[in-house]
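Worksheet: one structure, shown below.
The values are calculated or read from the model by the stated rules, or taken from the named source; none is laboratory data. The structure presented is a predicted model; accordingly, all values stated were derived computationally and were not measured. Here the Cβ positions follow ideal geometry from the backbone for every residue, glycine too, while neighbour counts run over all protein chains shown. Protein only, heavy atoms only, side chains kept; ligands, DNA and RNA dropped before computing areas. Shrake-Rupley method; radii C 1.70, N 1.55, O 1.52, S 1.80 Å.
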Amino acid sequence: MGYDYGNARIAAMRGRLLDRAAISRLGDSATPSVMVAQLERAADWAPIMRRVAPLGTDPAVALEAAVEFHRSARLGVLPSYYDGQERRFVEALVLPLDLERTVALLRRRRAGEAGDAIASTAVPGALLDASAISAIARAPGTAAALRPLLEQEIIARDDLVAIVTAETRGAPSAEVESLLHDAIDHARWTRVDVRGGEAAALRRLLAHEREAREAMVIELTEAGPTLATVLDRTTRLAVLDALAALGPRDPLGIGAVAGYVAAVEAQAIRLRAMIARVRARWSTEDAAPFLAPSERPAWLAW
């Protein structure tokens, strides 16, 4: 399977994503329950909403869980559409979701939460399916917890040893998470460390992501967490929107995949904002930055 098959599947999936007008209408819902009812009528979301229904009576909780299950379902299937080097490129694009899930699991483990409780509520990642997530949650130690990542080549063995060593000597959680982040970055760069224009484009994308993370650290120091978070989300939306717009222009290449991944992530950011708007009764002005058209970053040229 090359790009032809996978990109055709992506084109069909892309057409089922919520556009900005639909997301805005969700944000106009009177209550979270009304928002749930609207999503239940959307073809791409009905199965997700049925899945999260048993999580409890709080519709806002169900909505948050639905966003995460939707990300996992749509991004997790993408590698299966491709073979060979194309698959490795796709994995490089979706691995950040596995990083996010692993960090969340490790934090819950450190907090002393029971493995069964973690496994029953944790959401799969991209390469980390429900079985792998359950294994991480229930593992007796850090080395065992990270073994599913090693098996899926999400981290390399040397990186696993470094993380376990840091955990064993009692390193702060921030240091351990930084090592994990570096390890998954290493795995992503390894997947795109080949010749060709597509690999070069992906390396530029990964380099920009690294620069954006470094800028976020500076913002946290200088502006504080609240303003830094808003700036990060709006800046990230601009990049995601630009990538999403460029995706259809590369129907036979990795750009289509990058565009779809970006569109899914942008949809998730906007939906979380609309959930907050309905739950916390944000004003139209509060929600506007998440819905306004984004200006294409100057550095981005696929």
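Annotations for the structure displayed:
- As a calculated quantity, the FRET efficiency between Ala42 and Thr284 at R0 = 25 Å, using C-beta atoms, amounts to about 0.60.
- Among residues other than Ala21 with Cβ under 12 Å from its Cβ, the summed charge is +1 (Lys and Arg +1, Asp and Glu -1).
- The chain: C-alpha gyration tensor shape, a/c 1.5 cut-off, then a/b vs b/c: rounded
- For the stretch 1-100, trypsin sites (Lys or Arg not before Pro) meeting the loop criterion (DSSP other than H, G, I, E, B) and having at most 15 other Cβ atoms within 10 Å: Arg16, Arg41.
- In this structure, Val103 and Arg157 have a Cβ-Cβ separation that, at R0 = 30 Å, corresponds to a calculated FRET efficiency of about 0.90.
- Computed over protein heavy atoms with a 1.4 Å probe, the accessible surface of the stretch 110-162 works out to 48 Å² per residue.
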